[in-house]
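The values are calculated or read from the model by the stated rules, or taken from the named source; none is laboratory data. The structure presented is a predicted model; accordingly, all values stated were derived computationally and were not measured. As a convention, Cβ positions derive from the backbone with ideal geometry for all residues, glycine included, and neighbour counts pool all protein chains shown. Keep in mind that these areas ignore ligands, DNA and RNA; they rest on the heavy atoms of the full protein, side chains included. Shrake-Rupley method; radii C 1.70, N 1.55, O 1.52, S 1.80 Å.
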Amino acid sequence: MFKVVIADDEALILKNLQSIIPWCDLKCEVVGTARDGQKAFSLCEQHGADLLLTDISMPGMTGLNLLKKLDTLPKKPLTVMISGYDYFEYAREALKNKAFDYILKPVDYEELYLCIERGIHHLKEKAEREYEVEKQRLYEVFTKGSYNGKTSCDFGPMIPILLESASVHLEPPVLDKKHYSYSLSPTATFILTEWPTEELPTLREVLLNWNEDVDNTVLIGSPVVDESLLKPALEELKTWMSAHRLVDEDVVWVEELKEKHLSKKSAADSIGEASRFIHDHYQEDISAEQAAGHANMSISYFSLLFKQVTGFTFLDYLTGYRMERACFLLLHTELKTYEIAEKVGYGDPRYFSQVFRKRLNVTPSEYRKKKTAL
């Protein structure tokens, strides 16, 4: 979905621009609206907007000044100017500052729709070009170690995946996250995907479903946070692919292979250490990364193993334990709700009450009253 910001100091026009244009049909989402240029700029910066519709005449910062200031953003949105000023100077100034188009008020919404449609087509073509450039750049990085001797400071975490097939007709899986696929040989494919850490168990499920009716071997690597580590990550996957026979499953994590092959501790022992860490530190602002580090595991393998052993995600387990301790304090102390919230790791008492009610279907006060009345 393309992210859209709309700016106009007239409330009615702002409302019409949101409701009349069929944004969903255009694969767009309106992420924010503004009545002045400064707020519009902040929204574009905050959301990384792809498209901006803005009036020229607005308080504080005009649309033309906003257009100039957008040049300071890492990602400048494609901008359509809307104005009641029927003067060539305004259109010329807007186009000189790289506005995509200029629409006059009163707005002809059919004309505006066609303009936006052309803008979206332009954005798609630009995204496709950038995708191909980035794909080639990453290829050089994981084959040569760098791109033209340099690495990018904008590289985000990526999950490396190695696929091997017994046949020569390996069709890579279709992933709903941004990814790059490379054929290493007729029977091997390397994939890099931007997959959120908290959703890594889902990645395995997606690959299992894809692999259900075929005879492929899939090995998932740990998240790569620095592109200079892409080449070592691929070499590691190639090395451990030969150890895939240690497990019965077709889709496994490289950390899982390492654990089975090298570690003397059982999975239950490792997750037991993580559970004790939670019990000892639930009052603090702890994370899955900290618990994984305590258990000497990568976050990807820890997330998978924790769910397998406990039946819960890290966050669900932590929340459940905090609620258990909160119930004890409600029944056995006279502490106020906000004091209990703080003692079980919640700095915001209102958020604590919301979580408590969602879990137990009663507020903390109702729970205390109900239990003490028995």
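A Cα-only calculation for the chain places Rg and Dmax at 26.8, 79 Å. With a cut-off of at most 13 other beta carbons within 10 Å, and DSSP calling the residue loop, which trypsin sites (Lys or Arg not before Pro) in the stretch 278-348 qualify? Please list them. Listed in order of number, the matching sites are Lys336. By the rule of a C-alpha distance below 14 Å, with chain neighbours fewer than 8 residues away ignored, the aspartates and glutamates paired with Lys96 are Asp71.
Computed over the Cα atoms of the stretch 32-85, what is the ratio Rg over Rh, Rh following Kirkwood? Here Rg/Rh amounts to 0.91.
Heavy-atom accessible area per residue, the chain, 1.4 Å probe: how many Å²? Dividing the accessible area of the chain by its residue count gives 55 Å².
Protein heavy-atom surface of the chain, 1.4 angstrom probe: 50% of the accessible area is carbon and sulfur, with nucleic acids and ligands not counted. Mean separation of Cα pairs under 8 Å and 6 or more residues apart, divided by the residue count, gives the stretch 2-108 a relative contact order of 25 percent.
Residue-wise HN-Hα couplings along the stretch 334-341, as the Karplus relation 6.51 cos²θ - 1.76 cosθ + 1.60 with θ = phi - 60° gives them from phi, are 9, 4, 6, 4, 5, 6, 5, 4 Hz; Gly and Pro carry x. If exposed means no more than 11 neighbouring beta carbons inside 10 Å and the site is in a DSSP loop, what's the longest run of the chain without any exposed GluC sites (Glu not before Pro)? So the longest stretch without any such site is 1-211. Per residue, the convex hull spanned by the Cα atoms of the stretch 250-348 measures out at 94 cubic angstrom.
Can you pick out the pairs among Lys105/Lys126; Lys144/Lys178; Lys39/Lys69 whose Cα atoms lie more than 20 Å from each other? Going by Cα-Cα distance, Lys105/Lys126; Lys144/Lys178 fall outside the 20 Å limit.
Across all directions, the average projected area of the convex hull around the alpha carbons of the stretch 1-125 is 6.7 nm².
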